Amino acid sequence: MFIGHFAVGFALKRVAPRTSLGTLMFAPQMADMLWPWFLLLGWERVRIDPGNTAFTPLAFDSYPFSHSLVMLIVWGAILGAAYFFKTRRPDVALWLCAAVVSHWVLDWITHRPDMPLAPWSATKVGLGLWNSVPATIVIESAMFAAGVWVYLHGTRARGRTGTVLLWAYVVALAGTYVANIVGPLPPDPRSLALFALGIWLLPLWAAGVDRMREVKS
């Protein structure tokens, strides 16, 4: 799951219209933003394993701290609490916490049974949508289109720049998704982790997009 998580960020603008899109994108991607750091620290493990599923060559052997259900509830609570103490907006804080946890739910749908429930539990689950490339692409693309539609219908550009930046962002996300499907395999897990750190730029870009748009009254 990649652009499906970004769909959640776009859609959150409907329930949190005054919150920066950068923050709304950070929440559902928090697990994937922590993951490369934990890989580099040696706390989690991944293998390049072509054929692991039809959709991805990655075998997620261990990621209990970034992707387990319990830890995502913890990370979501931390993010929600930080947002609440800064803004005193409990409603948005709860939505952000839910968005962090939504990452596990969406990955549970797509992954094979490799999604941990807790760092101390050996139980791993997953429905395996990734075993079908066409189904994965159709479902994620539909989610992404719906999320962008929600954002478009809740905001308007302050000028041409607001329109260009938004569509450049959308195209960049879609292009990255396509590249993940048809691009070459990463040479090794460390290179994968270093490349994955680039995901930290995407909420920053989203924040820039949002500054050039305004909420419709």
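Within segment 1-36, which residues have the backbone N less than 14 Å from the label spot 7 Å out from His153 along Cα→beta-carbon, could you tell me? It comes to 11-15, nothing else. Annotation for Val105 and Ile48: the two label points, set 7 Å from Cα along the Cα-Cβ direction, are 3.5 nm apart.
Sorting the segments 125-135, 153-163, 24-34 by their residues' average number of neighbouring beta-carbon atoms within 10 angstrom, most packed first, yields 24-34, 125-135, 153-163. Across segment 30-130, the volume of the C-alpha convex hull divided among the residues equals 95 Å³ per residue.
Positive end of the dipole of segment 1-155 (Cβ unit charges, origin at the Cα centre): among Ala11, Ile137, Thr56, the Cα lying farthest that way belongs to Ala11.
Contour minus end-to-end for Ala142 and Arg211, with contour as 0.36 nm per residue of separation and end-to-end as the Cα-Cα distance? Kindly include the intermediate steps, with their values, before the conclusion.
On the way: separation 69, 0.36 × 69 = 24.84 nm, distance 2.61 nm.
Once the chain is fully extended between Ala142 and Arg211, it gains 22.2 nm.
Cβ-Cβ distance of Ala81 and Val133, R₀ of 35 Å, FRET efficiency by 1/(1 + (r/R0)^6): the value works out to about 0.35.
Other residues with beta-carbon under 13 Å from the beta-carbon of Trp95 carry, at +1 per Lys or Arg and -1 per Asp or Glu, a net charge of +3. Solvent-accessible surface of protein heavy atoms, probed at 1.4 angstrom with all chains present, puts Glu214, Glu44 in the order Glu214, Glu44, largest first.
The accessible-area ordering, largest first, of the residues Arg213, Arg112, Arg14 stands as Arg14, Arg112, Arg213, per a 1.4 angstrom probe. According to the calculation over all Cα-Cα pairs in the chain, the P(r) per 5 Å bin from zero is 1, 7, 14, 19, 20, 17, 11, 6, 3, 1, 0 %. Over the chain, with a Gaussian network built from C-alpha contacts below 10 Å, which listed residue (Trp35, Trp43, Trp95) shows the highest mean-square fluctuation? Greatest mean-square fluctuation among the candidates belongs to Trp43.
State the extension gain, in nm to one decimal, for the chain segment bounded by Arg160 and Thr123, taking 0.36 nm per residue of separation less the distance between their alpha-carbons.
Difference between extended and current length: 8.3 nm.
A 1.4 Å probe over all protein chains sorts Val15, Val215 by accessible area into Val15, Val215, starting with the largest.
The values are calculated or read from the model by the stated rules, or taken from the named source; none is laboratory data. No experiment lies behind these values; they were computed from the predicted model shown. Cβ coordinates were reconstructed from backbone atoms using ideal geometry, including for glycine residues, and neighbour counts include every protein chain displayed. For the accessible areas, the whole protein counts, side chains as well, though only heavy atoms, and no ligand, DNA or RNA atoms are used. Shrake-Rupley method; radii C 1.70, N 1.55, O 1.52, S 1.80 Å.
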